[in-house]
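Here's the structure, in structure tokens; my notes come after.
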Amino acid sequence: MNFRYPALLLLMITAGCTWTAGSPPAHYYILPTQPEPAAASPGIHGNIGVEPVKLPRYLDRPQIVTVASQGEVQLAEFHRWAEPLRDGFARLLMEGLNARFPEGQVLSLPARHVPIDWTLTVKVVQFHVHDGHCLLQAKWRWRQGQKTSATRRAEIRIPVADAKNFQTIVPAMAQAVDYLADKIARDLEQQG
């Protein structure tokens, strides 16, 4: 009878328990709701449908991503999103649009049995902390019936006081999403 394998298994279990016992606790975050904007657009009525937000693959993970110099992606193993970042981004974007269009209704698509007046497509190109700033680059376009607007782009930079402190990083990221909601809302106002 070979006793090496049970001994090896016991050693692996013991090592795993020792490693996890000394690990720092994980912290979980959501993008926090932003204050109501000072101005809203009462001129936009109707239903706005938001298609699922597209994020780059490097963000499709539970860890919060920062980028060091030379493009090195760093994953914060013990600082994680409590919800998928795609969902949190869409939630906060829709909250921002709802606040700016009090006479309308912003819905995630597909929306059953609700007529949609404008459809919004958003693609995030970059969304991370780099060089003391939260950087958000995004593209969007509106569709109303068969008419589609030209693709618009925005680059938003929010200063982060301490780029190693996730208590300052996460609110800066939320503020960037809210600024994007403001830019998208202004774009619809010009088209409406």
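The values are calculated or read from the model by the stated rules, or taken from the named source; none is laboratory data. The structure presented is a predicted model; accordingly, all values stated were derived computationally and were not measured. Methodologically, a virtual Cβ is constructed for each residue, glycine included, from the backbone with ideal geometry; neighbour enumeration extends over all protein chains shown.
The figures follow:
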{"read-out": "Residue in the stretch 58-78 that is surrounded by the most Cβ atoms within 10 Å (Cβ to Cβ), counting only those that are closer than 11 Å to Val129 by Cα and among the hydrophobic types (A, V, I, L, M, F, W, C)", "value": "Ile64"}
{"read-out": "Residue satisfying condition, being on the phi < 0 side of the Ramachandran plot and either within 13 Å of the chain's Cα centre (by Cα) or hydroxyl-bearing (Ser, Thr, Tyr) (or both), within set Phe127, Phe101", "value": "Phe127"}
{"read-out": "Pairs where the first residue, in the stretch 149-175, is more than 20 Å from Arg86 (Cα to Cα) and the second is among the β-branched types (Val, Ile, Thr) and surrounded by fewer than 18 Cβ atoms within 10 Å (Cβ to Cβ), C-beta under 7 Å, 6+ apart", "value": "Val160/Thr168; Ala161/Thr168; Asp162/Thr168"}
{"read-out": "Residues of the stretch 69-83 satisfying the condition of being farther than 18 Å from Gln167 by Cα and either assigned to a strand (DSSP E or B) or in contact (Cβ under 8 Å) with a residue 24 or more places away in the chain (or both)", "value": "Ser69, Val73"}
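For (1) closer than 21 Å to Leu92 by Cα; (2) surrounded by 15 or more Cβ atoms within 10 Å (Cβ to Cβ); (3) modelled with pLDDT of 95 or more; (4) touching an Asp or Glu at 6+ places or on another chain (Cβ under 7 Å), each residue gets a yes or a no:
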site: Gln105; (1), (2), (3), (4): yes, yes, no, no
site: His113; (1), (2), (3), (4): no, no, no, no
site: Gln126; (1), (2), (3), (4): yes, yes, yes, no
site: Gln137; (1), (2), (3), (4): yes, yes, yes, yes
site: Ser149; (1), (2), (3), (4): no, yes, no, no
